[in-house]
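Engineer: I'd like to ask some things about the structure below.
Read-outs throughout are calculated quantities, based only on the coordinates presented, and are distinct from any laboratory measurement. All figures in this text were calculated on a predicted structure; none of them were measured in a lab. Neighbour counts run over all protein chains shown; Cβ positions are idealised from the backbone, glycine included.
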Amino acid sequence: MKKTDNLIIDKKKFKSRLIVGTGKYKNMSECAKAIKLSGAEIVTVAVRRVNIVDKKKPLLMDYINPKKITYLPNTAGCFNSKEALRTLRLAREIGGWKLVKLEVLGDKKTLYPDMIETLKSTEILTKEGFKVMVYCTDDPLMAKRLENVGACAIMPLAAPIGSGLGIQNYTNIKIIRNQTKLPLIIDAGLGQASDATIAMELGCDGVLINTAIAKAKNPFQMAIAMKHAVLAGRGSYLSGRIGKHYFANPSSPIKGII
């Protein structure tokens with residue numbers, strides 16, 4: 001793998017292609033240790049849930065240094081455009097963040113994105129100067145529309161949030177990969193290290209993982225596993241896999257056999 005093989009988002013370079021969430025851990029100490037072991041350089045922060053303001057309570061900044069790790073404020077828990085816009089505008093006022101992750105959920109049971117509200121919000125935020133990484137369905141048409149209104153990264157789900165089912169629609173992910181030059185990052189639904197490897201082998205530029213690490217029996221070991229899985233998948237993709245054949249192709253030459 002090339003030494004200069006960086007993930008580039010909004011002209012910023014990151015060595016790690018693994019993005020991790022900060023929710024669902026037992027405590028902030030566990031969260032911080034898992035993130036360190038994962039090697040991630042970007043962490044998502046749910047503005048409505050993670051404490052980044054109240055100094056009387058444990059502050060995320062006391063555990064994860066925003067000068068060393070890029071905070072990616074997100075709109076987790078927002079179910080309409082109005083809520084999402086308000087949340088990200090607040091994040092900009094609090095910390096000056098312009099690189100953000102948008103998710104506008106459709107319902108509480110599936111947590112699938114409401115793509116109409118998502119598309120509308122992306123267009124508004126982009127016009128306001130935000131750099132928007134967008135959680136979306138794996139619909140290639142919607143992904144293209146998000147790109148057309150100014151998204152800086154496309155983040156289709158692999159499966160429902162926290163489900164651990166892995167990638168359910170390989171074909172759509174490949175189509176999205178082939179039609180966009182934007183960073184393509186799988187967001188939601190991965191459950192184990194092999195899922196992350198598969199995502200990277202499909203040509204994705206990165207993966208975002210929270211539940212699979214935070215809720216693993218050993219989150220620290222899983223963080224390390226995910227780190228190596230992403231590296232392996234990226235290396236495999238860049239190597240150019242062999243073609244698939246229906247018959248055997250001998251590894252050793254058949255000429256000159258004694």
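Engineer: Using a Cα-Cα cut-off of under 14 Å, which aspartates and glutamates could be cross-linked to LYS15, ignoring same-chain neighbours fewer than 8 residues away?
Structural biologist: ASP5, GLU41, ASP205
Engineer: In a solvent-free Debye calculation with one equal scatterer on each Cα, what is log10 I(q)/I(0) for segment 7-239 at q = 0.11, 0.13 Å⁻¹, listed in the order of the q values?
Structural biologist: -0.49, -0.70
Engineer: Of the options CYS204, LEU90, TYR135, report the single residue whose Cα projects farthest towards the positive end of the charge dipole of segment 7-239 (beta-carbon charges: Lys, Arg +1; Asp, Glu -1).
Structural biologist: LEU90
Engineer: Can you give me the relative contact order of segment 7-239 as a percent, contacts being Cα pairs under 8 Å and 6 or more apart?
Structural biologist: Working: 483 pairs, mean separation 44.1, N = 233.
Over segment 7-239, the number comes to 19 percent.
Engineer: Treating only the Cβ of Lys, Arg, Asp and Glu as charged (+1, +1, -1, -1), what charge dipole size does the chain show about its Cα centre? Round to the nearest 20 debye. Present the calculation step by step, with values, prior to reporting the outcome.
Structural biologist: Numbers: 41 positive and 21 negative charges, 150 e Å.
For this selection, approximately 720 debye.
Engineer: Right, next: Calculate for the chain the 222 nm mean residue ellipticity that helices alone would give, adding -39,500 (n - 2.57) per DSSP H run of length 4 or more and normalising by residue count, nearest 500 deg cm²/dmol.
Structural biologist: Numbers: 8 runs with 92 residues, N = 258.
One gets -11000 deg cm²/dmol as the mean residue ellipticity at 222 nm.
Engineer: In addition: Classify segment 1-135 as rounded, prolate or oblate, taking a ≥ b ≥ c as the square roots of the eigenvalues of its Cα gyration tensor: rounded when a/c is under 1.5, otherwise prolate if a/b is larger than b/c and oblate if not. Write down the numbers at each step before the final one.
Structural biologist: Values: a/c = 1.59, a/b = 1.21, b/c = 1.32.
Cα axes put segment 1-135 in the oblate bin.
Engineer: Looking at the chain, which longest stretch skips every one of the chymotrypsin sites (Phe, Trp or Tyr not before Pro) that is in a DSSP loop with at most 12 other Cβ atoms within 10 Å, leaving the sites themselves out? Don't skip to the end; give the middle numbers.
Structural biologist: Numbers: sites that count: TYR246, PHE247.
Longest gap between qualifying sites, sites excluded: 1-245.
Engineer: What order do you get for 189-195, 212-218 when each peptide is scored by the mean count of other beta carbon atoms within 10 Å, highest first? If you can, show how the numbers build up before the last one.
Structural biologist: On the way: 189-195: 20.9, 212-218: 18.0.
Packing proxy ranking, top to bottom: 189-195, 212-218.
Engineer: Further, regarding this structure: Counting pairwise Cα distances across segment 65-202, what percent come out greater than 23 angstrom? Provide the component values of the computation, followed by the final result.
Structural biologist: Values: 3005 of 9453 pairs.
When all Cα pairs of segment 65-202 are counted, 32 percent exceed 23 Å.
Engineer: Any chance you could run the full-extension gain for LEU165 through THR70? It's 0.36 nm times the residue separation minus the Cα-Cα distance, nm to one decimal.
Structural biologist: Gain in length upon complete extension: 31.4 nm.
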